Each structure stands twice: as C-alpha cells, then as structure tokens.
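This report concerns only the one structure given below.
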Amino acid sequence: MQPITEQNITAVAAERWSSAHDPRLAHVMQALVRHLHDFARRVGLTEPEWSAAVEWLCRAGQISDGKREEFILASDVLGLSTLVVEMNHRLDPAATPATVLGPFHVDGSPMLEFGADMADGVPGTPLFIVGTVRQLGGTPVADAVLDVWQADADGAYEAQLEVDEARLRGKYTSTSTGAYCVRTIAPLSYSIPMDGPVGELISRTDISHYRPAHVHFLVDVPGHERLVTHLFPKGAQYLDTDAVFGVKDQLVVEFERRRPGPTPDGRECNVPWLIARYDFVLQPKNPIA
C-alpha cells in the first residue's frame, strides 16, 4: 500500500478520479482535485478554516429549497456565473449580450397578449418595454417567446414569496413583424438576500450587496442561440457595483417618462408612465457541418 503524504496526495487523488466512466467527468474531476489542492497549499488552509467552509456549504444547502437557490447566489457573487456565461456565449458584437439567469427564475409563466400587464395590481409606475426581436442582419423573428420576470418594489421576486399565482412574470410572443410589447412596473434597485450564508459572507466585506434596477428576459427561439439577459434603466443606482456582475453597457436603456394618455398597446393610461425601447438581436446557431 502506497503511503499517503502531503507531497503525493494530489497525484494519488487525481489518478483515482481518472476511473470515472465518462471521459468528460474524469477530466473535470481530476482538474478540480488539482485546483482545490493547489488552493489549499497556496493559502495555507487551516483545519478550522476548512471546517468553517464545510459548515458554510452545509448551511447553504439547508437554506435552499424549491424557491431559493443559495448556491446559485454564491456563484453569482463570486463572478463564476458571469464567467461561465461569457465562456459559453461568445456572440457577435452586434447580438444582444447574454447575462446571468439569477436564482429567481420560475418555469411555467403564463402566456400573455401583446401589451398585457404582467404586474396586474402590483403597485408601481407603469412601464412599457417595446421593440422587436430580430436576427443578426435585421430579419424579424416572428412568434419569438419572451419570458420576462422581475422583482417588486420591495425587491422581492415571486419565488421568495408565499403566493399561489404568477406575480410579475409572464411570456410574450412577438408579432409577424417581430414586434413585442411588455407592460409591467418600473423596477427598483434591491439587495440580494442577506439572511443566509452568502449574505453573511458579503457582510464581512465592503462589497455592495445591491443590484441595480432591472428586468429579466429569456428568449429561446429554435435555430438561434438561447438568450438570457437583463435590461437596466439609464442612471440607476449600483450600475457600476452590481453584486452579481450582470451590467453591460449595451443593456442600459433610457426609461422615458410620459404623461397620462395613449400607450403603446393602444389603450389609455390615466397616470404618468414610462417607456423603454429595445431590440433583441439573436444570433443564429452555427449549422452542423
């Protein structure tokens, strides 16, 4: 039996993981072992620090459930989520940039008509987001489904609340000309959840725990790269210090104020409202050779 030492443990552990049945799994796990061991050596990891890290991971798992994903939040604030997005979505500069999905997306949002109000009674300033969905080169994309979601005025998503119906989320379909019209309420800046292990860690730094105001979009059209992105209002707080590294200049848009009157959906609004214009540009998938 080979004696295990500080000097050979990495090679022995990596060799053991080379037995994984899937070649990709073997490659990933061997690299993970090497990087973890290198990290422990570089920082001189102590036993109390190792124990604290394991306990932190346990608590992150315990606080997670069907509505809360603490590990996704951890990945977001460490910049790992954005790194993975950047590596896997090397899009044409003219295409709409991708961003992180975040921990609060809910599957199965209701289908809504052109201009229908996904806020539906949630208090806030009415906001219309209008534009087109098109391919690189300008060809309109008809029947594109835009999955939209956002937080309320208290910074809470439906996934964080005990509610029995869809709240501030919906799916809109582009017209034959690629046009879409979303009605919601103006988003506000908010803090990431600070009542769990991630918040506890952030609170021990000078890192901002706030996200700038934004609305999430997921556009998944056959034959095109799946797009997950945000739109941010120009001038919003925390654009330069977004806790999850999600802001890109191309996604910061003007929210123009309008007086009461006709709105883009052809109806009347009896209070002041906002309008933002944005064209989503999708990149076609590379054809299989």
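State whether the residues of the stretch 162-180 include one that is outside any strand (DSSP E or B), within 22 Å of Phe71 (Cα to Cα) and at pLDDT below 95.
Yes, the stretch 162-180 has at least one match.
Restricting the stretch 97-156 to residues that are of a type in the set (Asp, Glu) and under 26 Å from Asn286 (Cβ atoms), which is most open to solvent (accessible area, probe 1.4 Å)?
So the residue we want is Asp143.
Tell me which residues, restricted to the stretch 188-232, are farther than 19 Å from Arg59 by Cβ, in a loop (DSSP other than H, G, I, E, B) and open to solvent by 10 Å² or more (accessible area, probe 1.4 Å).
Those that are farther than 19 Å from Arg59 by Cβ, in a loop (DSSP other than H, G, I, E, B) and open to solvent by 10 Å² or more (accessible area, probe 1.4 Å): Leu188, Ser189, Asp206, Ile207, Ser208, Asp220, Val221, Pro222, Gly223, Glu225, Arg226.
Starting from residues that are assigned to a strand (DSSP E or B) and open to solvent by 30 Å² or more (accessible area, probe 1.4 Å), keep the ones in the stretch 255-289 and report whichever is nearest to Asp143 (Cα to Cα).
Only one residue tops the list, namely Pro284.
Kindly indicate whether Ala14 is aliphatic (A, V, I, L, M) and surrounded by fewer than 12 Cβ atoms within 10 Å (Cβ to Cβ).
Judged against the criteria, Ala14 is not a match.
Across the stretch 167-178, what is the number of residues that are without any contact (Cβ under 8 Å) to a residue 60 or more places away in the chain and either open to solvent by 30 Å² or more (accessible area, probe 1.4 Å) or not hydroxyl-bearing (Ser, Thr, Tyr) (or both)?
Residues meeting the conditions: 5.
Return the only residue of Val244, Val252 being in contact with a helix residue (DSSP H, G or I) (Cβ under 8 Å, 6 or more places away or on another chain), modelled with pLDDT of 95 or more, open to solvent by less than 70 Å² (accessible area, probe 1.4 Å) and closer than 25 Å to Val219 by Cα.
Residue meeting the stated conditions: Val244.
Give all pairs with beta carbons closer than 7 Å in which a residue from the stretch 52-75 that is without any contact (Cβ under 8 Å) to a residue 60 or more places away in the chain meets a residue that is of a type outside the set (Ser, Thr, Tyr) and open to solvent by less than 50 Å² (accessible area, probe 1.4 Å); count only pairs at least 6 apart in sequence or on separate chains.
Listed pairs, sorted by first residue: Ser64/Glu70; Glu69/Pro103; Phe71/Ala60; Ile72/Pro103.
The values are calculated or read from the model by the stated rules, or taken from the named source; none is laboratory data. Just so it is clear, the model here is predicted, and its values are computed rather than measured. Here Cβ is always computed from backbone atoms with ideal geometry, including for glycine, and neighbour counts include all displayed protein chains. Accessible surface areas use protein heavy atoms only, side chains included; no ligands, DNA or RNA. Shrake-Rupley method; radii C 1.70, N 1.55, O 1.52, S 1.80 Å.
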